[in-house]
Amino acid sequence: MPNLKPAANPAASRIPVAEFTPEMKETHTILIPMMLPIHFELIEKVLQNEGYKTELLRTEGSRIAEEGLKSVHNDTCYPALLVIGQMMDALHSGRYDPHKIAFLITQTGGGCRASNYIYLLRKALVKSGYGYIPVVGINLSALRGGTGFRVTVPMLYDIAHCVVAGDMLMCLHNQCLPYELRQGDTQRVTDKWIGEMKKVLDGKHYQCAGKLKALYPAIVRDYGMIKRSKEKKIRVGIVGEIYVKYSPLGNNNLEKFLISEGAEPVVPGLMAFLLYCVYNGIEDQQLYGGSVKNSLGSEILYRYLVGKQKQVIRAIQKEGSFAAPSPFSETLKLADGYISRGVKMGEGWLLTAEMVELIHEGVENIVCTQPFGCLPNHIVGKGMIRAIKEKNPDANIVAVDYDPGASEVNQQNRIKLMLDTAAAKMRG
Ligand code: SF4
């Protein structure tokens, strides 16, 4: 039985914390809720290389939200409700021995409720009699988890490269899947390169960056060989709160739906969000003063990651048949004139900048995904649509709400209406 001790956060001090001890590395499987299918497979490999037993939770269906509603207060934001619901569903599925599992939760460490998911989950576990199950967190601003789970610098290094490489695969995958002439070709290429990347991750830390980069030209070539139709499809950008933007569970398989409607989904990469978090450290120092040392650390990390993102962009541009993502150094300038870079709750200014970026890239049709209970992203997402349309009259943006009571049919009808407008414009 693990040690139970009070939580470090005074606000959650009454919730006992079950620690993930070093022995549990041998005995416990860490269950991870899925967000981004390609990226998370790579990140899972990094954890496995460190000796952790892991499993990605890929469950779906309305029962997940129902479990969430039973476990947390019903005004909790929708991503927390789903993530916690997915974990509780796994627990109640009978597939796992509750004494042999732990949960992993990723946190942005930002100022909104994202930083409290871990306490909500612990509270839900205690309430259901599973307070002994350890919960470990990967948090961008503070690393915690217990004596047996340590997020080390080499791990973060590999994870950052998984994000860059995952963005590349996602970008190329989305540009091939809607056009493939033989069903399954795109997924086959994606699976092949996930496998190759995992082999690279098996090597020594600090070697993976160079080895992954060496794969890039062959990856782009391989996607370029997929036989695709030349049909002109409506390109639709997907932006919004990070979980509902990326997670098929969170957005009711939005990408799949768009493809079934004859459109091409364009999804900005996860590295932009990581860079946004790092960049905020630099911006804070400029706006409010504070530790120059921390700001310098953010600056060095920022430059390093921007360099890695540019390697992917250059590889895609060199091949010539795919649209490459914009470098983050350009993305951040696009917020100017719309919103201050001091706005950094939730996805903050990045969400506005991503909408403007898509429009500048010719992707004028956008779905802005908005989870229930997410005030920050309603402000920087839905709240900015009017300002964006005033400067970009051709923008065709629809804000779609995701919550446990929302009807999927209503969501799809709103998106279909946006697609109708886009199709009419395409026909001229
Ligand atoms: S960004 Fe929105 S959905 Fe995410 S934790 Fe904050 S309030 Fe909740």
Going by average Cβ density within 10 Å per residue, which order do the peptides 271-283, 321-333 take, highest to lowest? 271-283, 321-333
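Counting residues in the chain as N, plug N into 2.2 N^0.38 Å and put the Cα Rg over that result. Walk me through the intermediate numbers first.
On the way: Rg = 21.3 Å, N = 428, 2.2 N^0.38 = 22.0 Å.
Compactness ratio reported: 0.97.
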Region 158-254: GluC sites (Glu not before Pro) in DSSP coil with no more than 14 other Cβ atoms inside 10 Å: Glu231
Would you mind getting me the FRET efficiency between Glu330 and Arg427? Use the beta-carbon distance for r and R0 = 51 Å, nearest 0.05. 0.95
Take every DSSP beta bridge with both residues inside the chain and express the antiparallel ones as a percent of the total, to the nearest 5. 15 percent
Between region 404-428 and region 64-89, what is the C-alpha centre distance in whole Å? 27 Å
Normalised by the residues of region 238-302, what does the relative contact order come to in percent, with Cα pairs under 8 Å and at least six apart? 23 percent
Gained length - Glu390 relative to Thr29, 0.36 nm times residue gap less alpha-carbon distance: 124.8 nm
What FRET efficiency comes out for Ser321 versus Asn74 if R0 is 45 angstrom and r is the Cβ-Cβ distance? Round to the nearest 0.05. 0.40
Which of the trypsin sites (Lys or Arg not before Pro) across region 70-100 are loop residues per DSSP, with 13 or fewer other Cβ within 10 Å? Arg95
Partners for Lys127 among lysines (Cα-Cα distance below 28 Å; same-chain residues under 8 apart left out): Lys5, Lys25, Lys53, Lys70, Lys100
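Could the peptides 232-238, 28-34, 216-222 be put in order, highest first, of the mean number of other beta-carbon atoms found within 10 Å of their residues?
So the order, starting with the most tightly packed, is 28-34, 232-238, 216-222.
What are the chymotrypsin sites (Phe, Trp or Tyr not before Pro) within region 51-116 that DSSP puts in a loop, where the Cβ has at most 16 other Cβ atoms within 10 Å? Please list the in-between numbers first.
On the way: sites: Tyr52, Tyr96, Phe103; in loops: Tyr52, Tyr96.
For chymotrypsin sites (Phe, Trp or Tyr not before Pro) across region 51-116 that sit outside H, G, I, E and B with at most 16 neighbouring Cβ atoms in 10 Å, the list reads Tyr96.
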Dipole check, the chain, charges on Cβ (K,R +1; D,E -1), about Cα centroid: among Gly307, Ile242, Met418 the Cα furthest to the positive pole belongs to Gly307
Rounded to the nearest 20 debye, what is the charge dipole size of region 229-330 about its Cα centre when +1 sits on each Lys and Arg Cβ and -1 on each Asp and Glu Cβ? 380 debye
If you put +1 on each Lys and Arg Cβ and -1 on each Asp and Glu Cβ, how big is the dipole of the chain around its Cα centre, in Debye rounded to 20? 500 debye
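Given the Cα-Cα distance of Val306 and Ser291 and 0.36 nm per residue of separation, how much length would full extension add, in nm? Intermediate results must be reported in sequence, preceding the final value.
Working: separation 15, 0.36 × 15 = 5.40 nm, distance 2.24 nm.
Gain on stretching Val306 to Ser291: 3.2 nm.
Say R0 is 56 Å: what FRET efficiency, to the nearest 0.05, do Leu417 and Tyr96 get from their beta-carbon distance? Could you put the intermediate results ahead of the total?
Working: r = 43 Å, r/R0 = 0.76.
Efficiency for this residue pair is about 0.85.
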Counting only C-alpha contacts under 8 Å and six or more residues apart, can you give the relative contact order of the chain as a whole percent? 15 percent
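Would you mind ranking Asp403, Asp158, Asp89, Asp420 by Cβ crowding within 10 Å, fewest neighbours first? Mind showing how you got there, number by number?
Details: Asp403 16, Asp158 26, Asp89 21, Asp420 12.
Listed from fewest to most nearby Cβ atoms, that is Asp420, Asp403, Asp89, Asp158.
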Lys/Arg Cβ at +1, Asp/Glu Cβ at -1, dipole of the chain taken about the Cα centre: which of Tyr96, Ser407, Ser291 is farthest positive-ward? Ser291
Can you compute the modelled spin-label distance between Glu261 and Arg182, with each label point 7 Å from Cα toward Cβ, in nm? 3.1 nm
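The numbers here are math on the coordinates, done by the rules we state, and not lab data. Everything quoted here is computed from the prediction, not taken from an experiment. Neighbour counts run over all protein chains shown; Cβ positions are idealised from the backbone, glycine included.
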